[in-house]
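Participant: Handing you a structure now.
The values are calculated or read from the model by the stated rules, or taken from the named source; none is laboratory data. Remember, predicted model here, so these are calculated numbers, not experimental data. Ideal geometry is used to build each Cβ from the backbone, glycine not excepted, and the neighbour counts take in all protein chains shown.
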């Protein structure tokens with residue numbers, strides 16, 4: 001996984017006193033008019049928005065395949081590195097477009113149960129859900145069965 005810039009999770013529109021780092025819970029959101037009115041955005045937010053790729057171009061995760069959840073996580077972590085001034089809520093608000101099928105259902109249920117959460121919290125949940133024992137075993141077996149041998153001609 002790519003390293004994350006220090007403190008990127010706190011660079012969002014919420015006040016410091018509204019963030020509970022231990023639970024990674026965000027209590028206050030911007031009003032709808034603040035999302036729609038570009039005048040309420042800071043210069044750095046406007047610049048970050050110019051560099052943020054459309055959510056439709058993000059990697060999709062349907063729960064099938066190998067490392068696709070890690071591909072999505074690495075992509076989002078990369079966004080925080082490439083666009084350091086990007087507010088965390090711009091990423092978490094677009095997560096629903098990256099999930100398809102069962103992960104989409106899981107995401108919707110998690111959001112209903114836990115409310116608005118920041119990217120580090122979602123990252124942990126995705127890893128815990130999709131990097132389970134079965135997934136790790138399948139990856140280990142695929143590597144063990146895919147060995148190169150000098151004795152065997154390709």
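Participant: So, residue 106, is that one farther than 18 Å from residue 45 by Cβ and surrounded by 15 or more Cβ atoms within 10 Å (Cβ to Cβ) or not? Don't jump to the end; show me each part of the working.
Facilitator: Working: farther than 18 Å from residue 45 by Cβ: yes; surrounded by 15 or more Cβ atoms within 10 Å (Cβ to Cβ): yes.
For residue 106, the condition - farther than 18 Å from residue 45 by Cβ and surrounded by 15 or more Cβ atoms within 10 Å (Cβ to Cβ) - is met.
Participant: While we're looking at this one, here's another question. Criterion first (at pLDDT below 85 and not in a helix (DSSP H, G or I)) does residue 5 satisfy it?
Facilitator: Working: at pLDDT below 85: yes; not in a helix (DSSP H, G or I): yes.
Judged against the criteria, residue 5 is a match.
Participant: Residues to consider are 20, 28; find the one that is out of contact with any helix residue (DSSP H, G or I) (no Cβ under 6 Å at 6 or more places or on another chain), modelled with pLDDT under 50 and more than 22 Å from residue 79 (Cα to Cα). Reasoning before the result, please.
Facilitator: Working: 28 fails: out of contact with any helix residue (DSSP H, G or I) (no Cβ under 6 Å at 6 or more places or on another chain).
Just one listed residue meets the conditions, 20.
Participant: Checking the conditions here, which among 76, 81 is surrounded by 19 or more Cβ atoms within 10 Å (Cβ to Cβ) and more than 16 Å from residue 130 (Cα to Cα)?
Facilitator: On the way: 81 fails: surrounded by 19 or more Cβ atoms within 10 Å (Cβ to Cβ).
So the residue among 76, 81 that is surrounded by 19 or more Cβ atoms within 10 Å (Cβ to Cβ) and more than 16 Å from residue 130 (Cα to Cα) is 76.
Participant: Somewhere in region 46-64, is a residue touching a strand residue (DSSP E or B) at 6+ places or on another chain (Cβ under 8 Å) and modelled with pLDDT under 80?
Facilitator: no
Participant: If you don't mind, another one. Suppose we filter 124, 136, 113 for residues that are more than 27 Å from residue 41 (Cα to Cα), modelled with pLDDT of 90 or more and exposed (fewer than 12 other Cβ atoms within 10 Å of the Cβ); which single one remains? First the steps, then the outcome.
Facilitator: Working: 124 fails: exposed (fewer than 12 other Cβ atoms within 10 Å of the Cβ); 136 fails: modelled with pLDDT of 90 or more.
Criteria check complete, one pass: 113.
Participant: Regarding region 59-68, can at least one residue be identified that is in contact with a helix residue (DSSP H, G or I) (Cβ under 9 Å, 6 or more places away or on another chain), assigned to a helix (DSSP H, G or I), surrounded by 14 or more Cβ atoms within 10 Å (Cβ to Cβ) and touching a residue at least 40 places away in the same chain (Cβ under 8 Å)?
Facilitator: No, region 59-68 contains no residue that is in contact with a helix residue (DSSP H, G or I) (Cβ under 9 Å, 6 or more places away or on another chain), assigned to a helix (DSSP H, G or I), surrounded by 14 or more Cβ atoms within 10 Å (Cβ to Cβ) and touching a residue at least 40 places away in the same chain (Cβ under 8 Å).
Participant: Give me the pairs: first residue in region 120-140 and part of a helix (DSSP H, G or I), second residue at pLDDT 90 or above and exposed (fewer than 15 other Cβ atoms within 10 Å of the Cβ), beta-carbon distance under 9 Å, and six or more apart or on different chains, which are they?
Facilitator: Note: pairs meeting the criteria are 121/114; 125/114.
Participant: Here is a further query. Taking residue 107, is it in contact with a strand residue (DSSP E or B) (Cβ under 6 Å, 6 or more places away or on another chain), modelled with pLDDT of 90 or more and not in a loop (DSSP other than H, G, I, E, B)?
Facilitator: Details: in contact with a strand residue (DSSP E or B) (Cβ under 6 Å, 6 or more places away or on another chain): yes; modelled with pLDDT of 90 or more: yes; not in a loop (DSSP other than H, G, I, E, B): yes.
Yes; evaluated as a whole, the condition is true for this residue.
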